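A short worksheet on the structure shown next.
The values are calculated or read from the model by the stated rules, or taken from the named source; none is laboratory data. Since the model is a prediction, treat every value here as computed from it, not as a measurement. Note: ideal-geometry Cβ built from the backbone for every residue, glycine included; neighbour counts use all protein chains shown.
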Amino acid sequence: MYLHGGYDEDGDVVPVENLGPHDELEDAIRAVEADEAAMSILAAQGRGSRWWIGTN
């Protein structure tokens with residue numbers, strides 16, 4: 001994922017790489033998937049193991 005980092009002297013967009021949040025999200029997802037109670041709640045809501053995709 002890239003963020004807008006401004007413009008260079010030619011008016012072109014300067015992208016700024018932003019991978020950190022994705023790494024942190026994967027860690028958080030793994031922690032939820034490892035928690036039996038959390039997965040039980042998600043299952044009761046009709047969500048699968050990859051619940052953040054929005055599959056109901």
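Key figures for this structure:
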quantity	calculated
Any hit, region 1-8, residues being of a type in the set (A, V, I, L, M) and either surrounded by 11 or more Cβ atoms within 10 Å (Cβ to Cβ) or modelled with pLDDT of 90 or more (or both)	no
Boolean, ALA44 is more than 18 Å from the chain's Cα centre (by Cα), at pLDDT 65 or above and loosely packed, with under 10 Cβ neighbours inside 10 Å	yes
